[in-house]
1. Scan region 77-99 and tell me whether some residue there is of a type in the set (S, T, Y) and assigned to a loop (DSSP other than H, G, I, E, B).
2. List the pairs whose first member sits in region 88-114 and is in contact (Cβ under 8 Å) with a residue 60 or more places away in the chain, whose second member is among the small types (G, A, S), and whose Cβ atoms are under 7 Å apart, counting only residues at least 6 apart or on separate chains?
3. One residue is enough: does region 18-34 have a residue meeting the conditions assigned to a strand (DSSP E or B), surrounded by 14 or more Cβ atoms within 10 Å (Cβ to Cβ) and in contact with a Leu (Cβ under 8 Å, 6 or more places away or on another chain)?
4. Would you check which residues across region 44-72 are of a type in the set (D, E, K, R) and loosely packed, with under 13 Cβ neighbours inside 10 Å and list them?
5. Scan (1) surrounded by fewer than 16 Cβ atoms within 10 Å (Cβ to Cβ); (2) touching a helix residue (DSSP H, G or I) at 6+ places or on another chain (Cβ under 7 Å) for the single condition E75 breaks and write down its number.
Amino acid sequence: MALVIDKMSNVKTPMVTYQTFSEAIQDMRSRGFIHTLSIQQNEIVCPELDTTLAPESITIVERHLVQAPDTVAGEREVFACKTDSNHLGILTNTYAYYDPEGFAAIFSRFRQMA
């Protein structure tokens, strides 16, 4: 799969494009990104692993921008992540709609795949 580097975030993005949010999630899960990561009260939470994670222990390996008519912006970002313990998960930018500064502060602490 070919990758494109987003100049703003330096995140590698597969050239594959998804038409919908659910299509992106389904494909990423089929490729092993099975854990759900979310930001809650300034922490990264993974309910399947029943744990919280430090943002510094997460590497963003893919970034996808997909259409999401149910959002104010009409689009949503979906990130494929890998933890230091080699768990693969999915994070979205949903938290950014509620707390843009908080999301940016946490997201800036993630590692970006070089």
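Coordinate-derived values only; no laboratory data. Please read all numbers here as calculations on a predicted model, not as lab measurements. Neighbour counts run over all protein chains shown; Cβ positions are idealised from the backbone, glycine included.
1. yes
2. Note: pairs meeting the criteria are I90/A80; F103/A96; Q112/S9.
3. No - not one qualifying residue is present in region 18-34.
4. E48, D50, E56, D70
5. The one condition E75 does not meet is (2).
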